[in-house]
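The values are calculated or read from the model by the stated rules, or taken from the named source; none is laboratory data. Computed from a predicted structure; not experimentally measured. So basically every Cβ, Gly included, is an ideal-geometry build from the backbone, and we count neighbours across all protein chains shown.
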Amino acid sequence: MADALETELKTYEAQKKSLLAQEGKFVVIHGTEILGTYASYEDALKAGYEKYKLEPFLVKKIQAVDAVNFVTRDLPFSCPT
Amino acid sequence: MPHLTLPVTSDGPVVELIVGISTAREAALKLAGKPRPSPIILRCLIDTGATGTCLDSGAIGPLGLSPTGTTPITTPSTGKTPHTCETFDVGITFYHPDSSRFFGTVPIVALDFSAQPIDGLLGRDVLANCLFVYDGAAKTFSIAF
């Protein structure tokens, strides 16, 4: 699971209903603070790093249902954090 | 459009990618006065069955990345319930002697490839910017970027 961004994910879920008015855009969240929404992943990431530097922040595409990534090869899950 | 034509190995159509931190993260590191980690070279299987690019969590460790997203992932063993994975932003370069191509911001998923003969999967997110030709009869593949 994504424990490192747990607070940000909870903030997203709490604000999702209002954020869906901008479905398709990318939102940047740090803790419980929403920095803004952006047209592209690149723009959102740049804004996140400019504001929060190397502190944790979440970039998430605003979608009613998250698109699933499919991997046809079976791999164990692990993260470097 | 620069391209590479390479042999199909026993591991499949594998291409070496130069993987480093994203352009945005590099700027943040510079402002913080921290050194930029050296890019690494990873052997990645071109996988049209992978929605997004996945890299070995151990291999990208030296880049010192922090997660900047999450994504649900389905593999053959997850069944109907996807597993939520963290995503990390990286920069990926296709090396070409005359005209390398740099993708400055690519969200990747870190998975465990330690039991695999490859360091990752080059998925359709990056392939969306490429032309990929698999010539099974000639045992070669070409990728233009």
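Criterion applied to A:Y52, A:Y12 was being among the hydroxyl-bearing types (S, T, Y) and under 12 Å from the mean Cα position of the chain (by Cα), and the one residue passing it is A:Y12.
Kindly indicate whether any position in the stretch B:86-109 is within 13 Å of chain A (Cβ to nearest Cβ), in contact (Cβ under 8 Å) with a residue 60 or more places away in the chain, in contact with a Phe, Trp or Tyr (Cβ under 8 Å, 6 or more places away or on another chain) and of a type in the set (S, T, N, Q). The answer is yes; a qualifying residue exists. Selection of first residues in the stretch B:1-30 that are of a type in the set (S, T, N, Q) and of second residues that are not in a strand (DSSP E or B), restricted to Cβ pairs under 7 Å at least 6 apart or on distinct chains, gives the following pairs, ordered by first then second residue: B:S22/A:L45.
The residues in the stretch A:22-81 that are in a strand (DSSP E or B), free of Cβ contacts under 8 Å to residues at least 24 places away in the same chain and at the interface with chain B (Cβ under 9 Å from one of its Cβ atoms) can be counted, and the count is 3.
B:P117 passes every criterion in (1) farther than 26 Å from A:Y12 by Cα; (2) facing another protein chain (nearest Cβ under 7 Å) apart from (2).
Looking at the structure I just gave you, is A:G36 surrounded by 13 or more Cβ atoms within 10 Å (Cβ to Cβ) and on the phi > 0 side of the Ramachandran plot? In short, yes. Scanning the stretch B:15-30 for residues being surrounded by 21 or more Cβ atoms within 10 Å (Cβ to Cβ) and closer than 18 Å to B:T48 by Cα gives a total of 1. Considering B:D47, B:D11, the condition of being at the interface with chain A (Cβ under 8 Å from one of its Cβ atoms) and either surrounded by 15 or more Cβ atoms within 10 Å (Cβ to Cβ) or modelled with pLDDT of 95 or more (or both) is satisfied by B:D47 alone.
When the stretch B:95-143 is filtered for residues that are assigned to a strand (DSSP E or B) and under 18 Å from B:D56 (Cα atoms), the ones remaining, listed by number, are B:T105, B:V106, B:P107, B:I108, B:V109, B:A110, B:L111, B:G120, B:L121, B:L122. The requirement of being more than 10 Å from chain B (Cβ to nearest Cβ), in a helix (DSSP H, G or I) and basic (K, R) is satisfied by A:K10.
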